[in-house]
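The values are calculated or read from the model by the stated rules, or taken from the named source; none is laboratory data. Predicted model only: the values in this text are computed from it and were never measured. Glycine also receives a Cβ, built like all others from the backbone with ideal geometry; neighbour counts cover every protein chain displayed.
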Amino acid sequence: MSVLGEMFENFLSRPITILYPKEKVPIPAAFRGRVAIADDKCIGCSKCSLVCPAQVITMIDGPRDVEFKGKNLARKKRPQVKLFKCIRCGLCERHCPTGAIVLKNELSCSGTDGEIVLTE
Amino acid sequence: MPEVVVSIGPHHPALKEPVNFKIIADGEKIVRLELDLSYNHRGVEKAAEQRDFIRVLPLLERVCGICSHSHSTAFAQGIEEIMQIEIPPRARYIRTIIAELERMHSHLLWLGVAAHLIGFNTLFMWTWRDREAVQDTVEEMSGNRVHYNMNEIGGVRCDLTPAQVNAALARLPNLEERVNKYVDMVNYEETMLLRFRGVGRLSKEEALRYGTVGPTARASGIDYDTRKDDPYLAYADAPWNVVTDTNGDVYGRTRVRVWEIQESLRIVRYCLENLPEGAIRVPAPKNAPKGEILSRYEAPRGELAHFIRTNGTDRVERVDIRTPTLANWTSVAMCLVNQNLADIPVIVAAIDPCLSCTSRITLVENQTKKAGVISFDELIRRYRSRNPEEV
């Protein structure tokens, strides 16, 4: 009888399904979504490309003078991410010493180009 | 009546994963079952040997989509023991919270699948709706619904904020109420009793002989749970009981699973309320010393074992993953004998099979192209004849 009782309750209540394009699903702040790189913070240490399990981060030329822990350094390289091969594990964010590379809580990252890269 | 061979799979619309069943039936009754596995070998173990300890954990999570945290925790705690580092209490508690939330969502998913297989789609919809609350909690904590990636060698990747803890605690009363309802439903609902009771029975002796683990073993009355018998993480601190049942059939396995969700809720509540303060990780060395370890972990489906051998470098020399499904498979062939053809889906699903995790290689003779099963001793003999220095 417990099933029947709940079925009648559900007949009178609204559907639980979220009609996606019309209603947006709230995305938690900690969600690991699209990678974003803040180039002004990046010191070009290559840590992100070393820890990346999917090996989607390559270091390209990007010479610039940067400051890290009070020292002035000459950066030689900066990261480039192949977004479509990214598995959003968050290891680059965890190991970045300056917080330059972060995973934003952006869900949609659709496209038709399999080689979409992110340099900035 | 002559015996009929019904062959299903490896590719079939009714199957979710590739497996080949050869059912030898006499009319409506099953005489024998022949299983053919390993259609989806992915070479995860070999790939794990080529990655360092930082990059291997996300790979091992992808052994299974449901028990992803189980694999990475089993591996991480094995490596931590080889490195002789102890993780902080807060990291132990966070790992436990994620592990138990994973168990809850796995069991709720299984209950839905089992209900779907007996045509009780109402329950399927309800359990999967309630599973969303668990998934949302994990997503808020870790950033992903499936691959949490919370572990790293020496602790956890990210901390839990007070807001995340409170949001999780706020969801628990509703979940507890729902799970209590499912316990009632499993015990008294006629639809489930008719289809589950007496189906696929496995006695305690048979369960021991076939080496079953997890809820399958506990449903046959074997009081064995790695969390209690060899406590790890925070299981020794939290108040909870090992759930067993004496029925041994699909009904017993369903009861064990819903009761286990109740126990998981108790553990999660305890860990969230008593979350210790402090660091979430300790620095781990880059290289692990030479050593061997068998890391055991109670995954939602049963005991999971990672055999790890390190050689002093920053990666493993060998990792061998024994998934719970591999231990439970042989009992399925036993359960199916003398059952009705229509009960095959639910009996197979009762062990909660995860086939892609279980796929292993088959040795094929080069000349004769003959494939088959070889004994463990034969395997050792062949291994030693190839590597004589490692005897």
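Observations on the model:
- Considered as a group, the residues in segment B:212-222 that are farther than 18 Å from B:V258 by Cβ and either in a helix (DSSP H, G or I) or not hydroxyl-bearing (S, T, Y) (or both) include one that is nearest to the chain's Cα centre (by Cα), and that residue is B:V213.
- Test: residue in segment A:63-84 that is modelled with pLDDT under 85 and under 22 Å from B:R62 (Cα atoms): yes
- There is no residue in segment B:138-148 that is facing chain A (nearest Cβ under 10 Å), at positive phi and under 18 Å from the mean Cα position of the chain (by Cα).
- The set of residues in segment B:1-31 being hydrophobic (A, V, I, L, M, F, W, C), part of a loop (DSSP other than H, G, I, E, B) and either surrounded by 13 or more Cβ atoms within 10 Å (Cβ to Cβ) or more than 23 Å from the chain's Cα centre (by Cα) (or both) consists of B:M1, B:L15, B:V19.
- Per this entry, A:A36 is not counted among residues that are under 30 Å from B:R145 (Cβ atoms), touching an Asp or Glu at 6+ places or on another chain (Cβ under 9 Å) and assigned to a loop (DSSP other than H, G, I, E, B).
- Condition broken by A:C92, with the remaining ones in (1) exposed (fewer than 15 other Cβ atoms within 10 Å of the Cβ); (2) closer than 21 Å to B:M150 by Cα; (3) not polar (S, T, N, Q) satisfied: (1)
- Matching residues in segment B:35-48 - criterion: being away from every other protein chain (no Cβ under 14 Å) and touching a residue at least 60 places away in the same chain (Cβ under 8 Å): B:L35, B:L37, B:S38, B:Y39, B:N40, B:H41, B:R42, B:E45
- Of B:A288, B:A305, B:A327, B:A284, all but one fail to be crowded, with 17+ Cβ neighbours inside 10 Å and part of a strand (DSSP E or B); the exception is B:A305.
- When we screen B:V183, B:V146, B:V179, B:V113 for residues that are among the β-branched types (V, I, T), modelled with pLDDT under 90 and either over 30 Å from B:G278 (Cβ atoms) or in a loop (DSSP other than H, G, I, E, B) (or both), the only hit is B:V146.
- Flag if B:R218 is charged (D, E, K, R) and buried (at least 20 other Cβ atoms within 10 Å of the Cβ): yes
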